[in-house]
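Right, one structure below, let's go through it.
The values are calculated or read from the model by the stated rules, or taken from the named source; none is laboratory data. Bear in mind the structure is a predicted one, so any value in this text is a computation, not a measurement. Every residue, glycine among them, receives a Cβ derived from its backbone with ideal geometry; neighbour counts consider all protein chains shown.
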Amino acid sequence: MTTGQNDYIVHATGVHKTYSTGKVTVPALRGIDLRVRRGEMVAIMGPSGCGKTTTLNCLSGLDEIDSGSVEVESQLIHDLPDDERSDYRARRMGFIFQLYNLLPVLTAVENVEMPLLVSGASSKEARQRALDLLDQVGLSDRATHLPAELSGGQRQRVTIARALVNHPAIVWADEPTGDLDSETAQEIMELMIRLNKDAGETFIIVTHSREVGEIANRIVRMRDGLVIDDGLSGEASGPDSATP
Amino acid sequence: MEELFGVPMSVLMFVLLGIFLGALLVVVVMALRNTVMLKLGIRPISRRPGMTALIIIGVMLSTIIISAAFGTADTLTYSIRDVAINGLRNIDEIIVPARTGEGDDFRRSFISMDRFEQLQSELAGDSRIDGLMPQFAEAVPAVNPDENLSEGQMNLVGIDPAYLSGFGNLRTASGDDLPLEDMADSEAYVNERAARELELQAGGRLRIFVDDQPIDLTVAGIAENGSFAGIQPTILLTLSRTQEIFGKPRSINSISVSNRGGALSGNDLSEEVTRDLRARFTDRQVAARLKDTLNQPVFLDALGKRRDDTTDTDLKASLDVLFLDLQADSLNESLVAALADSDISAVIVDVLGDDMREIQREAVTLLSELSEFLVLDIKFDTLRGADQAGTAVSTFFLTFSIFSIASGIMLIFLIFVLLAGARKSEMGMARAIGAKRRHLVQMFVFEGTAYALVSAAIGVILGLVVSALMVGVLNSVFAALDDDFTLQLNFTAPTIIVSYCLGMVITFATVAVSAYRVSHLDIVSAVRNLPERLVVSVPPSLSSRLTGLLKGIFRPAVFLWRSIRHVLKLDVGPAAMQLVLAIIWLTLVPWLLDVLIQLFRLIWPYLLRGWLLILIGVGTSAATLGIETLRGWSWFGAGVSLTIVGIGLLARAVFARGNVRADVLDRVVFTATGVIILVFWALPTSVFRPITGDLGGGVSVMFVSGVAMVGAAVWTVMYNADLVLGALQFATGRFRQLRPVLVTSVAYPLSSKFRTGMTLAMFALVIFTLTVMSILTQTFGTQFVETRIATGGWDIEGTVNLTTPIDDIRSEIDGIETIELSQFEAIGGYIGIPVQIREVEAEDQEWNGVQFRGADDGYLHSSSFDLKLIAEGFGPTSADVFAAMQSDPTLVVVGGSLLDDSQDQEGQAVARVFHEVSYDDESMTPIEIELREPRTRTTVRLKVVGVVDRIHSSGSGVIGSKAAVDQAAPFPIPITTYQFRVANLDESKEISQDIERAFLANGMQTVVLEEAFDEQLAATRGFFRLFTGFMALGLFVGIAALGVVSTRAVVERRQQIGMLRALGYRRSMIQLSFLFESSFVAILGVVIGALLGIVLAYNAVSDIRADENIDTISFSIPWIQMIVILGLTYFFSLLATYIPARQASKVYPAQALRYE
């Protein structure tokens, strides 16, 4: 499949990232090249410690990179000043994490409306949209509950609602089913597929789960900080490989 | 400083040291036995130096406050003692005549040298006394003619150098021996103070005036201050020369006594020497008659009752001896000494009540004839006064900083609860793998002890620094008052030890309590790091609680028994530990606390149900109303507050049985309870007066109402937190960018009710006291009325020396070039004499000491005192009454304070003198009184025909014609005080100086009353501000609390911060969120404290205005000061949060999300 550069919503080239704890230096990413098309659902898989979460953090701009470049919607994300990058995340990105990362002091609906408020939406508009999303994820009757009053699956639905509430161009999910039982995990996966299809949002999912991988359009496999299979060309991607 | 809250410092030191060392020993033993927990406990200290520093700062604040209070008290005690010891040196007692005799005059009685020599030979064999000095002392006007400087009241002391043995040699300012015996008749020594004030030097000229006659002297040298040279401006002459100057050959007016030993050690014999001298000077025949008079069942019964009632152990013992001695067959020496003791004779007069009028009259007469001389134990008294002053200061400071200390304790508690939160999952894991609760307690105790040891030490040092700053402020106040007294910084070892131990013990106890609380955590929620949830256990059964109480009562025995059992098993470590615990418990304080805690556990379930609280509350209020000694608004209010809380709890228990949702029920019940308590305390006490009567107030009202109001307000706010959040969201609807920040910054503090409530309470309590103090300073630090009204229409006051009075001031002024009579609208004069009065018709025939103002016609004619009450037949105007007083010298008016119970300058209750009429009455009839001149015991009958309005601060005591006392005294009584009303107020200062210069020979010293009032008010404000500043130390506690809470919040919420950043929060929004969060708590605390403080201060001012009947007392808020205090509080609160907020904003989202 031939695709023009602009069709890629994410385009990472030669991304290096090293962690240093003072005494020890750990190369986490050793030259990642990755392209993701708009509306695609991509699963990044690999053994523990291979750099999946670091890839997600670096590509989404949550973490800095040592070298290389990451374009998201044709913008070099790491060249943006911190405030602009934050604004960009607020407007165009959604995040789903394994441990939900909901704000425990806010109710479900308040958690969901938070990205809209950050983007400057009016209270009324934000509330309505948040309730709609909660309805879509089947939690309209839990809108005023605090996270502590919800089950794991319900919390993850709230997280998904929050990730999608601002119509993001791209949703980053880090082990979204990792903390859930298989039945709830299945529900969450179905929900993500439905939202991906209905809204055409791009999903990049870091996962260990074979089931999650199977529902994705494409699987990117990693090992030792390298993409060993990007699911596109079937060729290994490494520091010395050519840029597509 | 000798005592604190009635407990001797030495006892306090040993008890605290015992508890401290005991506790430390227990911790060391525990640490040795469980090194794993020790490591776990102290490991975080070195790992997080920033947090450790913050904790140490927070923990040491209470110690700083305690140490500063003690340090200031120490300095004051030392400074006064220094004045006494260096001022008196070897003079321990002073003997003065007790009766009047031939050749005496007004206020001056003499002792013949023959009597002195006789006395000297009588005491020659007494080894406790090593010196007697015949002395002639008088105050005279003195002038340095070369520099034209004068001193109206210079002491002139004549002593005989032949008797200096035992007193030590007098020295010159340069340290050489002072050769008094070589001095010529035309020479005089002056002390350093006199030399400074009159700018005198050796060889210079000095002129003194005696009986209007100038006497020129040459300054032979400058004597070192102290001993006979005194510390006030003093001229030193030989005795013979002094006698010659005053025309009193072989007469002296006092005898100084030196006890064996030095300046300080001589004081050890003072009590004994004084008692024996008093007994020696007692007339045995009069004492025998007095014994017979008092040895009657009616008096002995009353005396026995007084002995049983008194709490003063020394007095109780003395009265016990008196009680037995009076019933003995014959007069013994201990009875003679007791009767000669002025404290005992005061009790005797006091005990002689209404039903013993005849005995009272006779006893009082005999007491006046009992002694030939009065023995004044001047050094002993001064040193005791120094200790009492130190005790009073420390008590005062500690009392006023009680909220700050309480806030400090809350902060320590908060810190350790937060520390526990930080290690929750670690502790949960420890519990999961088998660690017991006590292990967790130990872990925290180890950590807490390490913090406490360091922070108490730093706190003591910083407290002493604060104390030094306060001493500096006090010295500037003294300097403004033109007082020569200077505080010299001094801290004693007991004070430092008590400060350290107290700080350490408070910290240790708080840590132990918080550790106990923490140890009860829920393992599952701790392991999973879920929100705080303590184990909610079913209360133990009644039998278990009763057993607990019994165990508490017998705890030391239990420890000892366990120790013995361990010894028998040769288990030395545990045996020693149990023994140490037994010893600690036997220091009583822990034992008492233990029993109280067990008792509290026993009744806790009933308190929670409300009914027991209602019983306690109603009982307390009823007791306050019914029992005279318990009367007080604080107790009554505390009882009512407990009742309201009890009713709330009872209602909750009753409605909980229905289908009401628990959270709704709690909100309704607790909100209603909080609001009702707030309303109760916010209402002025006058509202309840028809039911309660006048319960009196005092400083305790501020503390009780502070706790009740702040507690109720915080409680109400925290139970309605969501409404506050809703209101804020509504209010910030328009600011879209701020809204997400505001939502989180309010939601977080409101979700942690415990820590937010604690922090709020800390802020609110301290701000509450500061607000009350600031408003009271403003209200009472300003003059209520114009000076002229307060003084009864006078502008300048001048006093002349008793020995150099002015015959006719008007004609004298007429003859002086520099002053014109036309410069004055009025001139009046009077003499103030301490007299005793009693109502003729009253049941209580006790004599009351008051000041009598014996005035001349000019004063009576021109004073413009408004009379609050005018006796029937003497009105209708105040001027009519004063006119009547001129024509009839038996008529007098009295100050309003004599009509009600009041307090003297030391805060002691003073019973009202007049019982037939009250200040609030609408009318009065003339009251017949007897007035007695205390020295001669001559009595005259007078009639009170008016009561001076309290608006006139100068209108206190009894005001009448001087002619009234002329007949009571066997000597001519001179006018010594003159009052002037000037025609042009702007010229007051110049006229005042002209008068002083014109009447130099009379020792005239003038003061412009307006300036004097201003100075006094400035000093009052200075002291008030110092106390306010001291109390403001508590604000650091609140600010530190915010810093600690914020720092902890950054750590706790790291993941959430990461999430917020992922959601698009900018760095500035994170930072702002934390700052808003602190602002929310600080502003809410400040607003609650300030509003409640204003309400209480308003009520206090209204009550005082109503009680004192002074309409001109106006409530006013010192806005600028308040804004500065509140603004600085807010600023520093933000500053304390800024660093953690900045840290939070710098966190990379990915790092934060990874954080566990």
Residues in region B:711-737 that are assigned to a helix (DSSP H, G or I), more than 12 Å from chain A (Cβ to nearest Cβ) and within 42 Å of the chain's Cα centre (by Cα) total 10
Touching a residue at least 60 places away in the same chain (Cβ under 8 Å), more than 8 Å from every other protein chain (Cβ to nearest Cβ), of a type in the set (A, V, I, L, M, F, W, C) and in contact with a Phe, Trp or Tyr (Cβ under 6 Å, 6 or more places away or on another chain) - does that describe any residue in region A:55-66?
yes
Any residue in region B:643-656 that is surrounded by fewer than 16 Cβ atoms within 10 Å (Cβ to Cβ) and either of a type in the set (Phe, Trp, Tyr) or in the same structural domain as B:Ser404 (by TED's automatic domain parsing) (or both)?
yes
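What's the total number of residues in region B:295-322 that are part of a helix (DSSP H, G or I), farther than 22 Å from B:Asp276 by Cβ and touching a helix residue (DSSP H, G or I) at 6+ places or on another chain (Cβ under 7 Å)?
Of the residues in that region, 9 qualify.
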Number of the exception - B:Gly1003 against (1) on the phi < 0 side of the Ramachandran plot; (2) buried (at least 18 other Cβ atoms within 10 Å of the Cβ); (3) modelled with pLDDT of 80 or more
(1)
List pairs: first in region B:179-201 and in the same structural domain as B:Gln243 (by TED's automatic domain parsing), second acidic (Asp, Glu) and surrounded by 14 or more Cβ atoms within 10 Å (Cβ to Cβ), Cβ under 8 Å, 6+ apart or cross-chain?
B:Asp185/B:Glu244; B:Asn191/B:Glu224; B:Glu192/B:Glu224; B:Arg193/B:Asp484; B:Ala194/B:Glu151; B:Glu197/B:Glu151; B:Leu198/B:Glu151
Please determine whether any residue of region B:1109-1131 is part of a loop (DSSP other than H, G, I, E, B), surrounded by fewer than 18 Cβ atoms within 10 Å (Cβ to Cβ), away from every other protein chain (no Cβ under 14 Å) and among the small types (Gly, Ala, Ser).
yes
Of residues in region A:106-129 being more than 19 Å from A:Asp87 (Cβ to Cβ) and touching a Pro at 6+ places or on another chain (Cβ under 9 Å), the one nearest to the other protein chains (Cβ to nearest Cβ):
A:Leu106
Just checking, which of B:Phe1027, B:Phe1080 is of a type in the set (Phe, Trp, Tyr), within 14 Å of chain A (Cβ to nearest Cβ) and surrounded by fewer than 24 Cβ atoms within 10 Å (Cβ to Cβ)?
B:Phe1080
Please determine whether any residue of region B:530-537 is in a helix (DSSP H, G or I) and either at pLDDT 85 or above or polar (S, T, N, Q) (or both).
no
Just to verify a result, which residue in region B:309-340, among those that are among the acidic types (Asp, Glu) and over 28 Å from the mean Cα position of the chain (by Cα), is nearest to B:Phe373 (Cα to Cα)?
B:Glu333
Looking at the structure I just gave you, is B:Ser1073 part of a helix (DSSP H, G or I), within 14 Å of another protein chain (Cβ to nearest Cβ) and at negative phi?
yes
Does B:Thr771 fit the bill of being assigned to a helix (DSSP H, G or I), at pLDDT below 85 and within 30 Å of B:Ile1039 (Cβ to Cβ)?
no
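Looking at B:Arg1061, B:Arg1054, B:Arg1066 in this structure, which one is buried (at least 24 other Cβ atoms within 10 Å of the Cβ) and within 14 Å of chain A (Cβ to nearest Cβ)?
B:Arg1061
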Could you grab me the full set of residues in region A:85-105 that are of a type in the set (A, V, I, L, M, F, W, C) and either more than 7 Å from every other protein chain (Cβ to nearest Cβ) or touching a His at 6+ places or on another chain (Cβ under 8 Å) (or both)?
A:Met93, A:Ile96, A:Leu99, A:Leu102
What are the residues in region A:127-164 that are closer than 16 Å to A:Ile193 by Cβ and in a loop (DSSP other than H, G, I, E, B), if any?
A:Val137, A:Gly138
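Every residue, every condition in (1) modelled with pLDDT under 85; (2) within 14 Å of chain A (Cβ to nearest Cβ); (3) over 16 Å from B:Leu1096 (Cβ atoms), yes or no:
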| residue | (1), (2), (3) |
| --- | --- |
| B:Arg739 | yes, yes, yes |
| B:Ser745 | yes, yes, yes |
| B:Tyr748 | yes, yes, yes |
| B:Phe763 | yes, no, yes |
| B:Phe780 | yes, no, no |
| B:Thr787 | yes, no, yes |
Confirm whether A:Glu201 is away from chain B (no Cβ under 14 Å), out of contact with any Asp or Glu (no Cβ under 7 Å at 6 or more places or on another chain) and under 18 Å from A:Arg129 (Cα atoms).
yes
On the phi < 0 side of the Ramachandran plot, touching a strand residue (DSSP E or B) at 6+ places or on another chain (Cβ under 7 Å) and of a type in the set (Lys, Arg), is that true of B:Arg250?
no
Per-region count, region B:342-399, residues crowded, with 20+ Cβ neighbours inside 10 Å and assigned to a loop (DSSP other than H, G, I, E, B):
2
Under 9 Å between Cβ atoms, at least 6 apart or on separate chains: pull out the pairs that start in region B:38-53 with a residue that is within 17 Å of B:Pro1140 (Cα to Cα) and assigned by TED's automatic domain parsing to the domain that holds B:Thr449 and end on any residue that is among the charged types (D, E, K, R) and surrounded by 17 or more Cβ atoms within 10 Å (Cβ to Cβ).
B:Met51/B:Arg1048
